[in-house]
Amino acid sequence: MSAPPRVLTVAGSDSGGGAGVQADLKTMLALGTHGMSVLTAVTAQNSLGVQGAWELPAEAVRAQYRSVVDDIGVQAVKTGMLASAELVETVAELISGTDAPAVVDPVGVSKHGDALLAASALDSVRTRLLPVATVATPNLDEVAQITGVQVTAEGDLRRAAGALLEFGPRWALIKGGHLPGEAVDLLTDGSEEHWLRAPRHDNRHTHGTGCTLASAIAAHLAHGLSVPAAVTAAKEYVTGAIAAGFPLGGGIGPVDHGWALRRRT
């Protein structure tokens, strides 16, 4: 029997299971890949927010990465919460030496507004991490944090993408999910554009959407899809996961990573 495509997530743990490494691995399984993980931080987190976060030493992150990549190998890498400048720079160096596409989700804050990246790490994201990204997937808050471009309408997405591309990723995916109306995202490499639209579902249980989308892109890239095809397929998957999101605890529940598996059965 042959092994499925292998995808590595480099991200923090969400103890509530809705985002972070837990969401990444669920997504990778649902999309027919073998998910592997490098833990960068541990969070105490639930449907109400993040109650605590503890980053791992850079040497632990490096050891996990080398252990997986040197023996098992990867067809795609996805990054999430990296917490500090040291971890950003460590992961950027590791990705630069890995012959696989990299999806960078520049996580800055949680769904509840809790900081997950030190302000001092922003320059390292700009100068070290984004240049090694195949696709960077910021939401509107994150792209404003990185580039200074404020997106208040669909027409601003092109300007935000252009500002992000100046830092070196091959493709920029600016997620317009926080804009009113339909959920519209812009994917561009500076020469071609893909406008991705989906209906907005009236469901507040959307914890983990960013992690899920980035992981879905990585999974589809591992299957050999082009970047536009992988992002389009990932958008369809996360839209279905949002529609099927369910309540947990007293706050914002997670998207449903298993919705497509149930549809197929």
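Read-outs throughout are calculated quantities, based only on the coordinates presented, and are distinct from any laboratory measurement. Note that this is a predicted model, so its numbers are computed, not measured. When we count neighbours, we look across all protein chains shown, and the Cβ atoms used for this are built from the backbone with ideal geometry, even at glycine.
Based on the Kirkwood approach, the hydrodynamic radius assigned to the range 6-248 is 17.5 Å, with every pair of different Cα atoms included.
Figure legend: label point modelled 7 angstrom from the Cα of Ala60 along Cα→Cβ; residues of the range 15-50 with amide N under 14 Å from it are 38-44.
Residue separation of Arg263 and Ala144 scaled by 0.36 nm, minus their Cα-Cα distance, works out to 39.1 nm of gained length. Counting every pair of alpha carbons in the range 125-265, the share spaced more than 20 Å apart comes to 47 percent. Under Stokes-Einstein, with the Kirkwood radius over Cα pairs as Rh, the value for the range 157-225 at 25 °C and 0.890 mPa s is 184 µm²/s. Here's the list of aspartates and glutamates a cross-link from Lys78 could span, going by alpha-carbon distance under 12 Å and ignoring same-chain residues fewer than 8 apart: Asp24, Asp105.
Here the calculated FRET efficiency for Arg159 and Met1, from their Cβ-Cβ distance with R0 = 41 Å, stands at 0.25, rounded to the nearest 0.05.
Extension gain, Glu166 to Gln51: 0.36 nm times the residue separation minus the Cα-Cα distance gives 37.9 nm.
Highest mobility in the GNM of the chain, judged by mean-square fluctuation with C-alpha springs under 10 Å and restricted to Gly97, Gly18, Gly245, is found for Gly97. Counted residue by residue at 0.36 nm each, then reduced by the alpha carbon distance between them, the extension gain from Thr152 to Arg197 reaches 14.5 nm. Note that the range 108-178, at 20 °C in a medium of 1.002 mPa s, gets a Stokes-Einstein diffusion coefficient of 175 µm²/s from its Kirkwood radius over C-alpha pairs.
Note on Ser226 and His178: their simple-model spin labels are 3.1 nm apart, each label 7 Å out from Cα toward Cβ. Note on the chain: with a GNM built from Cα contacts shorter than 10 Å, the maximum mean-square fluctuation among Asp24, Asp71, Asp123 falls on Asp71.
Rounded to the nearest 5, the antiparallel percentage of DSSP beta bridges internal to the range 6-248 is 45%.
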